[in-house]
Amino acid sequence: MSMHFDPFSPDWREDPYPVYRRLRDEAPVHYSAEREIYSVTRYDDVMQVLKTPEVFSSRAMFTMLMSGGSDKLPPVSLKMIRFLATMGWKTRMNPFEFQTARNLIAEDGTSHAQLRAIVNRGFTPKRIESWDKRAREIVDSCIAPLRDGEPFDLVSQLAVPLPVTIIAEMLGLPAERNADFKRWSEMIIDFSSGPGRDDPFSKKYRDGFVEMMNCLKQLTKQSRMTPADDLLSIIVAEQEGEAGLSIREVIQFVMLLMAAGNETTTNLIGNLVSALLDHPEQAEKVARDPSLVPALVEEGLRYDTPVQVVFRTATRDTELRGTRIPAGSFVAAYLGSANRDERRFEAPDRLDVMRKAQLFPSFGFGKHFCLGASLARLEARVALEGILPTFPGLVRTGGPVSYVDSFFVRGPQRLELKLAA
Ligand code: HEM
């Protein structure tokens with residue numbers, strides 16, 4: 001009998017790795033009839049999916065983002081029309097443009113290249129390196145209470161404020177709205193994570209999206225009048241540029257950068273520190289030799305990656321490891337499983353800072369390779385350099401870690417620590 005696996009089930013969220021191992025061994029290309037999803041879990045197959053965008057289109061990312069995490073856009077219903085119409089009316093934006101508006105992460109081919117070129121300018125190595133000093137200032141002020149011996153929640157006191165402050169400053173958004181940006185980033189992940197859990201067309205999401213879109217619309221207007229040296233100004237200028245972005249596309253761009261810039265890096269820092277607490281010998285090794293911090297960040301990204309899975313749509317009938325995948329199918333490529341594939345990595349369940357793993361897909365691969373990878377690496381490096389001197393005295397004080405309620409983002413909700421006396 002074939003293995004039962006529900007990609008959206010919360011049952012294996014606390015520790016997905018044994019489930020991935022079974023899938024790799026028993027059903028490497030698994031079909032869930034219930035969800036109509038092909039799940040791909042071996043390293044070679046995940047890379048194959050990421051490397052062939054002409055067969056595995058990113059359109060599925062749109063479906064997932066826009067449908068409350070379902071594998072299909074929900075059928076048109078009265079509730080959906082009411083939701084969209086109310087949003088359109090309250091934001092003064094075309095409600096039905098949501099199906100045609102371009103979104104970097106979900107475009108293919110030349111349309112994707114055109115959108116990517118707009119923001120690439122803001123993420124050059126030189127630009128990213130220039131954030132090092134600011135990241136250090138933020139980390140220093142965030143961890144002062146920990147150094148003073150106070151109880152400390154690593155997530156809310158360091159892993160959240162660091163990326164939210166940096167991405168808001170990069171975009172040129174006002175610092176006093178940082179708490180809102182974080183709340184909205186969480187809402188976006190929550191909205192995309194909830195098949196069967198929440199109704200995507202509920203008042204909660206409608207009001208949240210209206211509030212966020214109206215705020216971003218206002219900030220966009222201001223940026224247009226007084227452009228500055230920031231990402232928002234670069235994107236806004238493209239309303240008149242070759243890409244001819246609509247106001248909705250500008251806002252979607254900002255939403256993507258805000259959510260991608262926040263939720264992922266927060267979880268990387270949380271997962272990394274949690275892994276270090278479970279592997280004190282590795283923490284000690286790096287604390288003794290801080291030149292190993294970049295290697296630790298890489299190994300942390302492989303060991304427990306914040307983005308566990310990305311989605312694709314098969315553009316034609318195809319085959320993967322002997323399984324036929326019909327055109328139009330939804331394909332889930334499990335990055336978190338590829339990173340633990342024993343066919344590729346030796347003793348993959350061990351955190352080993354000396355491993356020097358290459359080409360693991362935590363940031364994706366190919367055309368959609370994460371735009372913010374160097375920024376995420378910089379933030380994680382600076383955060384760890386701040387926190388490592390507190391080892392080996394750092395201990396957990398909370399109960400077992402509970403994870404973000406999502407089937408594609410992975411990280412602790414809280415990580416309570418203190419310095420042992
Ligand atoms: C540890 C942190 C991060 C991880 C693990 C991560 C992971 C990923 C992955 C797996 C993709 C590929 C999606 C796909 O192939 O469909 C991606 C794309 C992307 N990421 Fe990240 N990300 C991180 C941090 C960031 C940051 C800090 C930013 C922005 C400030 C960012 C912005 C983006 C954008 C805009 C894309 C879409 C790129 C495209 O479609 O061309 N990410 N990220």
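Only the coordinates and a few stated rules stand behind these numbers; no lab work does. Computed from a predicted structure; not experimentally measured. Virtual Cβ from ideal backbone geometry, glycine too; neighbours counted across all protein chains shown.
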Query raised in the report: For the chain, modelled as a GNM with alpha-carbon contacts under 10 angstrom, which of Glu249, Glu36, Glu176 fluctuates the most?
Result: Glu176
Report task. Mind giving me the nanometre distance, one decimal, between the label points for Glu240 and Arg134, set 7 Å out from Cα along Cα→Cβ? Result -> 2.5 nm
Query raised in the report: From the phi of every residue in the stretch 19-30, what ³J(HN,Hα) in whole Hz does the Karplus formula 6.51 cos²θ - 1.76 cosθ + 1.60 yield, where θ is phi - 60° and glycine or proline is x?
Result: 5, 4, 4, 4, 4, 4, 7, 9, 8, x, 10, 9
Query raised in the report: Going by the alpha-carbon gyration tensor, a ≥ b ≥ c the square roots of its eigenvalues, is the stretch 70-166 rounded (a/c under 1.5) or, if a/c is not under 1.5, prolate (a/b greater than b/c) versus oblate?
Result: oblate
Requested in this report: Return the distance in nm (one decimal) between the two label points of a simple spin-label model at Asp349 and Phe96, each offset 7 Å from Cα along Cα→Cβ.
Outcome: 5.3 nm
Query raised in the report: Which FRET efficiency value, to the nearest 0.05, is calculated for Arg13 and Gln222 with the Förster distance at 41 angstrom and r the Cβ-Cβ distance?
Result: 0.50
**Report entry** Contour minus Cα-Cα distance for Thr323 and Ala144 (0.36 nm per residue)
**Finding:** 59.0 nm
**Report entry** Most mobile listed residue (Gln282, Gln99, Gln239) in the chain, GNM with C-alpha springs under 10 Å
**Finding:** Gln99
Requested in this report: Would you kindly derive the ³J(HN,Hα) couplings of the stretch 104-117 from the backbone phi angles with the Karplus curve 6.51 cos²θ - 1.76 cosθ + 1.60 (θ = phi - 60°), listing them in order in whole Hz, with x for Gly and Pro?
Outcome: 2, 5, 10, 8, 10, x, 5, 5, 5, 4, 5, 5, 5, 4
Requested in this report: May I ask for the distance between the Cα centers of the stretch 81-144 and the stretch 1-26, given as a whole number of Å?
Outcome: 32 Å
Query raised in the report: Expressed as a rounded percentage, what relative contact order does the chain have, with Cα pairs under 8 Å and six or more residues apart?
Result: 26 percent
Query raised in the report: Once a ≥ b ≥ c are taken as the square roots of the eigenvalues of the Cα gyration tensor of the stretch 283-421, is the result rounded (a/c under 1.5), prolate (a/b larger than b/c) or oblate (a/b not larger than b/c)?
Result: prolate
Report task. Would you mind ranking Lys356, Lys90, Lys182 so that the residue whose beta carbon has the fewest other beta carbons within 10 Å leads the list? Result -> Lys356, Lys90, Lys182
Report summary line: Between the alpha carbon centres of the stretch 238-255 and the stretch 287-302 the gap in Å comes to 38 Å
Requested in this report: State the Kirkwood hydrodynamic radius of the chain in Å, one decimal place, computed from all pairs of distinct Cα atoms.
Outcome: 22.2 Å
